[in-house]
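The values are calculated or read from the model by the stated rules, or taken from the named source; none is laboratory data. Computed from a predicted model, the values in this text were never measured in an experiment. Glycine gets a Cβ as well: all are built from the backbone with ideal geometry, and neighbour counts include every protein chain shown. Side chains are part of the model used for accessible areas, which takes the heavy atoms of the whole protein and leaves out ligands, DNA and RNA. Shrake-Rupley method; radii C 1.70, N 1.55, O 1.52, S 1.80 Å.
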Amino acid sequence: MNLKQRDKKHLWHPLTQHKLHPETIAIIKANECVLTDEDGNEYIDAIASWYTCMYGHCNDYITSRVSTQMQQLDQVVFSGFTHEPAIKLSEALMEILPENQNKIFFSDNGSTAVEIGIKMALQYHFNNEQKRNTLIAFEDGFHGDTFGAMSVSGLSVYNGPFKDFFLNVKRIPVPNGENNDTILNTLQHIVSNNKVAGFVYEPLVQGATAMKMHDIKGLNEILKFCKKHNIITVADEVMTGFGKTGKHFASLYVETKPDIICLSKALTGGLLPMALTTCSQKIYDAFYSDDMSKGLFHGHTYSANPLACTAALASIELLQSDDIQNNIQTIIASHQTFGNSIKTHHKVKSIRQLGVIFALDLNIEMERYGNLRDKLFKFFMDNGVFLRPLGNTIYIQAPYVITKNQLEKVYQVIKDALEII
Ligand SMILES: *Cc1c(COP(=O)(O)O)cnc(C)c1O
């Protein structure tokens, strides 16, 4: 039996209805931008394995640093102990994060990073003796699959069984440049009728919502409104963080900075699972007290795992290198050229781009996980490119180290797909 067949016996995959989608592909190797399956087929990883491996798979620099660290210190409790990899990582992050961020709290995936952001926002008010029990979030956002994260996610088509257990969340539309007044009126209405603790949002690009992009100025107006009402702003940069938007963080495009930032995915360059929730001094100070119960009593066993910290540190060094920064600029320009070459195609409804994130909507109505979407996916894979269309959106978020030829192949396969769909 091959891996694909053995997989069926015991494994239950994420986001999968196994009766409708019994097929899996067994990957035995990943190198730079290429995945190899057990039959020897190769695929260009044009979405960097859910935007994690931005410096290429099995990156030599990251793996060798982690390999050295493995001989020195593998894991230690982070409550009461500390270590150099975590300290160095905090110092490196402070150089690149928006300047108001000052403290870092560790966890191990994007959902928990958001969960912690929500808890910080709620407890911030609790510690200040204010009962605030409502959160604001964008329509159609995605923040993860744990309960708090599901609650603030608007993409809830699959959350039906849990709806009765969600936190109290009010929704606003994303700013599109024309609806600012409407949004501000809605916000005013929400704060008049609720005690709002926080606003959780994906800045500028909503990833799982098929890379929907919104207006910088409009977002800034919302953040200013939140500041005015002491609503804690939680930027979920799990997807947008670490260079994807062309800047190190999407929040750097926006004048008003968030109180809290959630990070994961590309944080470790895809090598190990880790997440961070960073915050300003103001948030931290609300927890700093002689009163034990005002502390943030949240902790994960693998908090600040030294190996993951080392992978993150090496990744940030790469992000800041001239090579990677140049690659980012090259990819941005290359996507622009590609976008211009297809935007008038009759099957293309619209294109959008921010940094290395490129998306196009097809002029065809498609279900998020429907047959047409599956046909497209299969076409890409049969042609050696791993792209994962979301409904009628095809998006690219390739590793920064993708070569010119590989990128040309990705573009060509998308162009060919327009002819068969
Ligand atoms: C992926 C993602 C999450 C959830 O992260 P996990 O590590 O999958 O739990 C949260 N927010 C955003 C914006 C994401 O893209």
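Each 10 Å bin from zero holds the following percent of Cα-Cα pairs in the chain: 4, 21, 31, 27, 13, 3, 0.
Starting from the Cα of residue 224, draw a straight line to each of the lysines and keep only those under 23 Å, dropping any in the same chain fewer than 8 residues away. The reachable lysines, counting only those whose Cα sits under 23 Å from residue 224, are 103, 119, 131, 170, 195, 212, 247, 257, 282.
Please return the longest stretch of the chain lacking exposed loop sites, where GluC sites (Glu not before Pro) count only if DSSP places them in a loop and at most 13 other Cβ atoms lie within 10 Å. Excluding the exposed sites themselves, the longest stretch runs over 256-364.
Shown in residue order for the range 27-44 are the 3J(HN,Hα) couplings computed by the Karplus curve 6.51 cos²θ - 1.76 cosθ + 1.60 at θ = phi - 60°: 9, 10, 7, 9, 9, 6, 9, 10, 9, 10, 8, 5, 8, x, 6, 10, 10, 6 Hz (x for Gly and Pro). Taken along its principal axes, the alpha carbon cloud of the range 31-85 reaches lengths of 47, 21, 19 Å, longest axis first. Rounded to the nearest 500, the helix-only mean residue ellipticity at 222 nm of the chain stands at -12000 deg cm²/dmol, with each DSSP H run of n ≥ 4 adding -39,500 (n - 2.57).
Mean-square fluctuations from a GNM of the chain, with a 10 angstrom spring cutoff on Cα atoms, peak among 366, 120, 274 at 366. Against the empirical 2.2 N^0.38 Å (N residues), the range 151-304 has a Cα radius of gyration ratio of 1.11.
The chymotrypsin sites (Phe, Trp or Tyr not before Pro) of the range 1-78 that DSSP puts in a loop, and whose beta carbon has at most 12 other beta carbons within 10 Å, are 12.
Enter the Cα centre distance for the pair the range 256-290 and the range 297-342, rounded to the nearest angstrom. Answer, in whole Å: 17. The residues of the chain present an accessible area of 47 Å² per residue when probed at 1.4 Å with all protein chains retained. The accessible surface of the chain, taken with every protein chain in place and a 1.4 Å probe, is 52 percent carbon and sulfur.
Bridging of residue 347 to aspartates and glutamates at a Cα separation below 19 Å is possible for 361, 365, 367, 374, 416, 419, once same-chain residues fewer than 8 apart are set aside.
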